[in-house]
Amino acid sequence: MASAAAPAFHQSSLDSSSGGGAALNAPKPVSVKELLDSSTDSSTAIPTNYNTSSFLNEPAVSEPDDQESIPVIDFGLLTSPDPNQRSQAVQDLTKACEEWGFFLLVNHGVPESLMKETVEACDRFLNQTMEEKLKFAGRDVWEPIRFGTSIDIKVAANCFLWRDFLKLFVHPHFNAPTKPEGLSEVVQEYSKRTRQVVQELLRGISEGLGMERGFIEKAMNFESGFQLFAANLYPPCPQPELAMGIPAHADHGLLTILIQNGVDGLQIQHKGKWFSAKPIPNSLVVNTADQLDIFTNGKYKSIMHRAVVNSKSARMSIAVAHGPSLDTEVSPSPELMEKEGRPAVFKPMKYKEYMELQQTKPTPGVPCSELIRIRTP
Ligand code: OGA
Ligand code: NI
């Protein structure tokens, strides 16, 4: 999940004239969709406050080496009754977490139709009238249903991102808007399925660490774990090279699961370089996040990633963050530290406080876990 409170919406900003000039006029944060809808000239330049290129300083994307490709994990093997198959899958998963922190999950059992319906239902929500969406335009990050735009990045005042979002707390308590019809049901079912997938992945990861299957689940109180569902809409951008969907960040939970509407835009950092992540159709994109990094004492690093925009098609992604329960104090696992003979590199912090820290002090490009680091590995 990208962090931070959304800037407040100002209904008046929707009234601002588009000026008929070179740039779309957005003096205050406004949903990107409404910004575009209010413009009469589709080939126009983006407003200067959406131009993040000069200070975000995001490094260019590299071509992957021939030798290297994003790992693909077969969930079917991970849940296989055949111990040899399962053990191979655990090894593959362990390698993917150690070397990439990112993988594509195939044979995951989440129905293709459910994935499609989830994307479509969120698309319908984000394409409703502004009036309908503004009912959920809270600033507080603890609002269980929140529509917003951008994130409150602190790199510069009045700087916005090319992204609208809907964020829902879906576990341990489920929240969703009642409109549009069908959204709530489909989000609930999809979130339930991704939780089950994550639970199984955490079991495999625990085994790969040489622990018993329920090791991470138990320590993180996953049964009452916090699950945050986020739908991101990145409308086509007239000057994609100047704008950013979400700048470089790490997610706050244990594992994030992402799907998209067939339009690429996710980029990941691997060995200091940036790569475009092109998911296999119907795969789930999985990345390791901060709480797993902290719990494994830096063994499984939280992966840095970002979302870029394009001029041709609207992109929609659904990112579901799966974390410990909010009251769990997460620290490097004493059992793992003993096993590996390494002292703690992070200080303990309650997950809820960590999330607040991440929301209030986002520095693009720097993972929030750096704020609680006590030594380099
Ligand atoms: C996020 C995120 C990436 C994307 O929501 O945290 O990283 O491709 N999204 O939308
Ligand atoms: Ni993210």
Counted neighbours (other Cβ, 10 Å), sorted fewest up, put Ile216, Ile318 in the order Ile318, Ile216
Counting Lys and Arg as +1 and Asp and Glu as -1 over every other residue whose Cβ sits under 10 Å from the Cβ of Leu336, the net charge comes to 0
Under the rule rounded for a/c under 1.5, else prolate if a/b exceeds b/c, else oblate, using alpha carbon gyration tensor axes a ≥ b ≥ c, segment 94-229 is classed as prolate
In this structure, among Lys133/Lys312; Lys299/Lys339; Lys218/Lys350; Lys116/Lys278, pairs with alpha-carbon gaps over 21 Å are Lys133/Lys312
The relative contact order of segment 239-377, taking Cα pairs under 8 Å that sit 6 or more residues apart, comes to a percentage of 30
Residues other than Lys352 with Cβ under 13 Å of its Cβ, Lys/Arg counted +1 and Asp/Glu -1, net out at -3
If every Lys and Arg gets +1 and every Asp and Glu gets -1 at its Cβ, then about the Cα centre segment 289-377 yields a dipole, in debye to the nearest 20, of 440
Per the helix-only model, the chain has a calculated mean residue ellipticity at 222 nm (DSSP H runs of ≥4, -39500 (n - 2.57) each, divided over all residues, rounded to the nearest 500) of -8000 deg cm²/dmol
Between Arg139 and Arg375, the two model label points (7 Å from Cα along the beta-carbon direction) sit apart by a distance in nm of 4.2
For the chain, the dipole about the Cα centre with charges only on Cβ (Lys and Arg +1, Asp and Glu -1), to the nearest 20 debye, works out at 580
When the charge dipole of the chain is computed with +1 at the Cβ of Lys and Arg and -1 at the Cβ of Asp and Glu, the Cα pointing farthest to the positive end, of Gly182, Ser87, Thr376, is that of Thr376
With Met115 itself left out, Lys, Arg at +1 and Asp, Glu at -1 over residues whose Cβ is under 14 Å from its Cβ give -2
Rounded to the nearest 10, the angle in degrees between the Cα long axis of helix 183-208 and the longest principal axis of the Cα atoms of the chain comes to 30
Most exposed first, judged by fewest Cβ atoms within 10 angstrom, His270, His305 run His270, His305
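A short reminder: the numbers here are calculations on the coordinates, not readings from a lab. The structure presented is a predicted model; accordingly, all values stated were derived computationally and were not measured. Note that we place each Cβ from the backbone using ideal geometry, even for glycine, and neighbour counts take in every protein chain shown.
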